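Read through the structure below, which is laid out as structure tokens, and then see the notes.
The values are calculated or read from the model by the stated rules, or taken from the named source; none is laboratory data. Computed from a predicted structure; not experimentally measured. Reconstructed Cβ throughout: ideal geometry from the backbone, glycine too, with neighbour counts over all protein chains shown. Side chains included, ligands, DNA and RNA excluded: accessible areas come from the protein's heavy atoms. Shrake-Rupley method; radii C 1.70, N 1.55, O 1.52, S 1.80 Å.
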Amino acid sequence: MDSWDKRRRGLAAEMDRRGDWPVRSPWVRRAADAVPRHVFAPDRLWRWDGQAYVPVDRDDDPDGWSAVVYGGPDDAAVTQVTDGLPSSSLSCEAVVADMLDSLLLEPGHRVLELGTGTGRNAALLAWRAGGRGHRATG
């Protein structure tokens with residue numbers, strides 16, 4: 001089992017333990033399983049080392065990289081740093097789950113996602129909306 005797969009399962013289990021998967025929208029958990037975070041993460045991520053954000057490259061440190069991608073439910077994966085500060089990320093899984101639950105999205109709904117991030121939120125929305133009636137940009 002790859003380190004990202006083990007960490008992916010661990011994040012989902014922690015979300016289960018905390019009750020973060022929305023009860024009224026069980027599709028969110030299925031979508032998260034079908035649309036894994038690591039597919040949308042760039043090869044370079046950034047980790048706070050207590051002093052500064054330092055790069056974590058997938059090829060050089062695959063275990064460290066997967067630890068950033070699949071941190072805890074409240075941990076965003078920083079994908080870009082500008083002037084020493086995080087400027088883009090994969091949103092933390094607990095916030096994504098809550099956001100998707102709040103949408104009350106149903107199959108066949110039309111969705112317009114205007115994002116500038118990694119594209120995962122658009123992919124999760126498209127997973128739920130289905131092949132017709134969705135449009136993703138960003």
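General observations
- For log10 I(q)/I(0) by the Debye sum over Cα atoms at q = 0.13, 0.17, 0.20 Å⁻¹, calculated from these coordinates, the label among [x] -0.72, -1.03, -1.21; [y] -0.57, -0.94, -1.21; [z] -0.77, -1.01, -1.20: [y]
- When TRP65, TRP127, TRP4, TRP21 are compared by accessible surface with a 1.4 Å probe, the order from highest to lowest is TRP127, TRP4, TRP21, TRP65.
- Under DSSP loop assignment and at most 14 Cβ neighbours within 10 Å, longest trypsin sites (Lys or Arg not before Pro)-free interval of the chain: 25-109
- Sites ARG18 and LEU114, calculated FRET efficiency, Cβ-Cβ separation with R0 35 Å, nearest 0.05: 0.70
- Amide N of the range 40-73 lying under 14 Å from the label point, which is placed 7 angstrom from the Cα of SER3 along Cα→Cβ: 44-47, 56-71
- Net +/- balance of residues flanking ALA12 in space, Cβ distance below 12 Å, scoring K and R +1, D and E -1: +3
- Here the extension length gained between TYR53 and SER87 equals 11.1 nm, from 0.36 nm per residue of separation less the Cα-Cα distance.
- Relative contact order for the chain, counting Cα pairs under 8 Å that sit 6 or more residues apart, in percent: 23
- Of all accessible heavy-atom area on the chain, the percent that carbon and sulfur account for (1.4 Å): 49
- Note on the chain: with charges restricted to the Cβ of Lys and Arg (+1) and Asp and Glu (-1), its dipole about the Cα centre is near 720 debye.
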